[in-house]
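Please read the structure below before turning to the comments.
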Amino acid sequence: MSLVISRACVAVLAVLLFSSACQAQLSSTFYDRTCPNALSTIRSAVRTAIARERRMAASLIRLHFHDCFVQGCDASILLVDAPSITSEQNALQNKGSARGYEVIDKAKSDVEKICPGVVSCADILAVAARDASEYVGGPSWTAKLGRRDSTTASISLASSQLPRFTASLGSLIELFGSKGLSARDMVALSGSHTIGQAQCVTFRDRIYSNASDIHAGFASTRRRRCPANFGNGDGNLAAMDLVTPNSFDNNYFKNLMQKKGLLASDQVLFSGGSTDGMVSEYSRNPSVFKSDFAAAMVKMGDIEPLTGSAGIIRKVCSLVN
Ligand code: HEM
C-alpha cells in the first residue's frame, strides 16, 4: 500500500517538476484552458482594424518587431511615459512612426472582458502580427504563447537596438545576430517591407543621391512626393513596394534586384554582398520566402520572453498595474 502511495507521489512530483520546467517555454496551447477564446477575440479586433485601414497590417507586424528587439518580446514598447517609465515610443525609430497601439489596446480590452488578468500584452502583439500577415495574404504560423509583460521600458535600448535605415549590411547582420537571428532570417523578415509605408525623411537621401545603386526612373518617380529639402514634406508617405503595396508577396525582392529598394537599408541586402543570393532566391521562389518568413517570425517572437513568474500581466497595455 505504502509503495503504491509513494509511487503515486513520485509520479505527481514528476508531473509538477515537468510542468514547472515547461513554464519557462512558450507554447501554442498556453491559453487553451485559461482563456479558450483569447485568440479568436484578438483576431476579430485585428481584422476589424485592417478592414478599416489596410496599412494597419504592416504597422502591427512592425510593432511586434520593435517590441521584441528591445528587452525581448515583453510589450515594453506599449508603455507610455510615467514617473518610472521613459517610453520607448519616443525613440527616434518609433516616434511619429510606430503605430497600431490603439488596435492592441482594443484587443486587450476585449480579452480582459472575457478573461481578466490572464492574457499578456506581449502575446497580443505576437498574435496580432500573425493575424495581420495572414489577413493580407502573407504566411500564417502557429504563434507560441505564454510571454509576460515587463514593468520597465528602455528608450536607450530602443535607440540603440532598433535598426536604422542608414545601417550597413554588416551592422544589420551583427544586430540581428545579437538577437539570435541569422542573416537569412533578417532578409526574410525585411520582406515584410512588401507592405506598408515609409516617410520621405527616411528615403530622401537615397532618392537624391544619384548613386549607382538606385534605378534612375524609380528615383525620379519617388522625388515627386518627397521634396529635396529637409523640413519640407518630411512626413509624406510612400508605399515601400510601389508595384503591389497592399499584398504580402515577394515583390520586395524583385524590386531590390532592379535597384528599386526604397530605403538604403533595403538596397544593402542586394548590393554585391553576402545576402544577394538570398534576395535572388526569394525573388524567384515566393513559397520559400513565405515559409522562411513564418519561421523567422516565430524565432523573433522567442527573443528573451518573460515567462513563469517573471514580469506581470498588465491590465492596460500602456501602463504598469
Ligand atoms: C533590417 C532592418 C530594418 C530597418 C532599417 C527598417 C526600417 C524601417 C523604416 C525606416 C520604416 C519606415 C518608417 C517610417 O517612415 O515611419 C519601416 C517600415 C516598416 N518596417 Fe522595417 N526595418 C527593418 C526591418 C524590419 C523587420 C525585421 C520587420 C518585420 C519583422 C519590418 C517591418 C516593417 C513594416 C511592416 C513597415 C511598414 C510599417 C507601416 O506602414 O506602418 N522592418 N522599416
Arrange the residues 64, 193, 215 by how much accessible surface each exposes, largest first, with a 1.4 angstrom probe. 215, 193, 64
Over the chain, what is the relative contact order in percent, taking alpha-carbon pairs closer than 8 angstrom and at least six residues apart? 25 percent
If the viscosity is 0.890 mPa s and the temperature 25 °C, what translational diffusion coefficient in µm²/s does Stokes-Einstein give for the range 169-299 when Rh comes from Kirkwood over Cα pairs? 164 µm²/s
Straight-distance crosslink candidates among lysines, where the alpha carbon sits under 25 Å from residue 260 and sequence neighbours closer than 8 are dropped: 290
Name the most mobile residue of 163, 245, 116, meaning the one with the largest mean-square fluctuation, in a Gaussian network model of the chain with Cα contacts below 10 Å. 116
Taking the Cα centre of the chain as origin and charging only Cβ (+1 Lys, Arg; -1 Asp, Glu), how large is the dipole, in debye to the nearest 20? 560 debye
Mind jotting down the three principal axis lengths of the chain based on Cα atoms? Whole angstrom, largest first. 85, 42, 35
What residues qualify as long-range amide H neighbours of residue 197, i.e. H under 5 Å apart, gap of 5 or more or another chain, H built at 1.01 Å from N? 240
Which residue, 72, 170, 191, tops the fluctuation ranking in a GNM of the chain built on C-alpha contacts under 10 Å? 170
The chain - accessible surface per residue (Å², probe 1.4 Å): 45 Å²
So if I place +1 on the C-beta of Lys and Arg and -1 on the C-beta of Asp and Glu, and nothing else carries charge, what would the dipole magnitude of the range 38-162 be about its Cα centre? I want it in debye, nearest 20. 360 debye
Carbon/sulfur accessible area of the range 38-162, % of total, 1.4 Å probe, equals 54 percent
Dipole of the range 169-299, Cα-centred, from +1 at each Lys and Arg C-beta and -1 at each Asp and Glu C-beta, to the nearest 20 debye? 320 debye
Using the Kirkwood radius over Cα pairs, work out the Stokes-Einstein diffusion coefficient for the range 38-162 at 25 °C and 0.890 mPa s, in µm²/s as a whole number. 170 µm²/s
Measure up 179/254; 95/259; 113/299; 108/144; 144/179; 108/179 against 24 Å on the Cα-Cα distance and list the ones that go over. 179/254; 95/259; 113/299; 108/179
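The values are calculated or read from the model by the stated rules, or taken from the named source; none is laboratory data. Only a predicted model underlies this, so the values are computations on that prediction, with no experimental measurement involved. Backbone-built Cβ (ideal geometry, glycine too); neighbour counts: all protein chains shown. Heads up: the accessible areas ignore ligands, DNA and RNA and are worked out on the full protein's heavy atoms, side chains in. Shrake-Rupley method; radii C 1.70, N 1.55, O 1.52, S 1.80 Å.
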